[in-house]
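Bear in mind that the values in this text are calculations on the coordinates, not laboratory data. None of these values were measured; they are calculated from a predicted model. Cβ: placed from backbone, ideal geometry, glycine included. Neighbour counts: every protein chain shown.
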Amino acid sequence: MENELLCQQCKCPTNGNFCSNCGQQTKVETIDARYAKKELFQLTGYEKGFVYTFAKLLTKPGKSIRDYLHGNRSSFTKPVTFLFVTSVIYALVSNYFDTDSVYEQRFRQVYGESSVMQVMQWVQENYGYSNILMMIFIAACIKLFFRKHAYNIYEIFVLLCFVMGEGMILLSLQPIFTKYIPNLMMENTLFTAVFVYVSWAIGQFFGGRFRDYLKAFLAYVLGFSLFEITAIVIALLYDSFS
């Protein structure tokens, strides 16, 4: 055949992009600056994988998550995996800077030696599991505030896995500030920034209008508050019956 090539690996004739016998690429790229740049991006995950997911969620979260739900999934880290990996990153940073003891002291000052203190400390030390529990309340609130949209509860969980995972990466700066700049105002500013990011991402996902951002913020704050209230009530009930 006129366009037939020989595979460089098995020497079998082929006319596609890949050898039908061994799967080797028929056209070998020249190793130059363009090739090196491509390999670097693949190595760092910039074109697909964790770094790609992080970058897309940072700049275009709503569109990126809609694309994922509509089938463009090969380039993204799976949502639950992304949430757990980012939670582990936060835990590692927190342990490295040994800031858990700082939060434990703060919890003791507020809650004393009660079960509430132990619950809050567990939440602080186990963000991966805490986020999953928190998502139940936040997802219910989002479903309530955006009930006119056709997204089901599982798709909302995917949305939350991505945006809360991104929030965990941003929150990983918190232990650094706690260690080197022990200022509550700085920490509160970071917490506020994470709340704003999550609200912005959810609002963008549902349309990007002002009312979408407002409803997203209210849904997130309400869901987060319900989680905290539920945890405190359970701890108080435990103390009252023990």
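Quick look at the numbers
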quantity	calculated
Linear extension gain, Val233 paired with Glu104, 0.36 nm per residue minus alpha-carbon span	44.5 nm
Degrees, to the nearest 10: 184-205 long Cα axis against longest axis of the chain	50 degrees
With Cα atoms, 0 to 90° folded angle of helix 210-241 axis to the chain main axis	50 degrees
Magnitude of the charge dipole, segment 50-241, Cβ model with Lys/Arg +1 and Asp/Glu -1, debye to 20	1020 debye
Net charge of neighbours whose Cβ lies under 12 Å from the Cβ of Phe145, counting Lys and Arg as +1 and Asp and Glu as -1	+4
Ranked list, fewest to most other Cβ atoms within 10 Å of each Cβ, for Met135, Met164	Met135, Met164
Listed values (1) -0.30, -0.38, -1.24, -1.53; (2) -0.50, -0.60, -1.07, -1.20; (3) -0.43, -0.52, -1.17, -1.37, entry calculated as log10 I(q)/I(0) by the Debye sum over Cα atoms at q = 0.08, 0.09, 0.16, 0.18 Å⁻¹	(3)
Over 18 Å (Cα to Cα) - which of Lys78/Lys143; Lys143/Lys215; Lys60/Lys148; Lys56/Lys78 fall in this group	Lys78/Lys143; Lys60/Lys148
Calculated FRET value between Arg34 and Ile136, using beta carbons and R₀ = 51 Å, to 0.05	0.60
Stretch in the chain that is longest and holds no GluC sites (Glu not before Pro) that DSSP places in a loop and that have at most 14 other beta carbons within 10 Å	114-242
Helix 100-111 axis, angle to the chain major axis (alpha carbon atoms, nearest 10°)	30 degrees
Loop-located trypsin sites (Lys or Arg not before Pro) in segment 147-242, at most 16 other Cβ atoms within 10 Å (DSSP)	Arg147, Lys148, Arg209
Local electrostatic count, Phe157, Cβ distance below 14 Å [Lys/Arg +1, Asp/Glu -1]	+1
Approximate spin-label separation Val80-Leu214, in nm, with each point projected 7 Å along Cα-to-Cβ	3.7 nm
Rounded FRET efficiency, nearest 0.05, which uses the C-beta distance separating Leu69 from Asn126 and R0 of 30 Å	0.60
222 nm mean residue ellipticity, helices alone, for the chain (DSSP H n ≥ 4; -39,500 (n - 2.57); rounded to 500)	-23500 deg cm²/dmol
